[in-house]
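Single-structure report; data block below.
Each value in this text was obtained by applying a stated rule to the coordinates, not by laboratory testing. Because the structure is predicted, anything quoted here is derived from the model rather than measured. Virtual Cβ from ideal backbone geometry, glycine too; neighbours counted across all protein chains shown.
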Amino acid sequence: MVPEIDVVSFKKRLDARSKGEDKFFVLDVRNPNEQQIALIPGTDKLIPVSDLPARVEEIKDQVDTEILVYCRSGGRSAMACNILASSGFKSFKNVAGGVLAYSDLVDPSMQKY
């Protein structure tokens, strides 16, 4: 079981982080073309899940920071959380429902695909 955060709570944490009241790292594990369609504001890094095992060193400085991971619907981000766990990361959460849920429950203007 991968720990999860719902998109409404995720948005509240993003808002708190923008005010300096929370600290975490946001990882988008979709493909670059998907990020061009829809991007959740506050994303810190894009690494497609298929590239994550080879590129995990790029975020090693976040090993002690909570990482919130999202994709389009939650499947790839759950896989990414497992990769993070096997790479020594201790604190991470899958953003349940990903961009689709974010569009439905937080920002209806966000384009779905």
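Couple of notes before you dig in:
- Note, ³J(HN,Hα) from phi for the range 69-86, Karplus 6.51, -1.76, 1.60, rounded to Hz, x at Gly and Pro: 10, 9, 9, 6, 10, x, x, 5, 5, 5, 4, 4, 4, 5, 5, 4, 4, 6
- Built amide H within the under 5 Å cut-off of Glu4, gap 5+: Asn94
- Rounded to the nearest Hz, the phi-derived 3J(HN,Hα) couplings of the range 60-68 under the Karplus curve 6.51 cos²θ - 1.76 cosθ + 1.60 (θ = phi - 60°) are 4, 5, 9, 4, 9, 9, 5, 10, 9, where x marks glycine and proline.
- For Phe25, nonlocal amide neighbours, meaning residues 5 or more places apart or on other chains whose placed amide H falls under 5 Å from its own, are Glu66, Ile67, Leu68.
- Simple point charges give the picture: +1 on the Cβ of Lys and Arg, -1 on the Cβ of Asp and Glu, and for the chain a dipole about the Cα centre of about 100 debye.
- Charged side chains reduced to their Cβ positions (Lys and Arg at +1, Asp and Glu at -1) give the range 1-54 a dipole of some 180 debye around its Cα centre.
- For the range 17-76, the gyration tensor built on C-alpha atoms gives an oblate shape. Its axis ratio a/c (a ≥ b ≥ c) is at least 1.5, and a/b is not larger than b/c.
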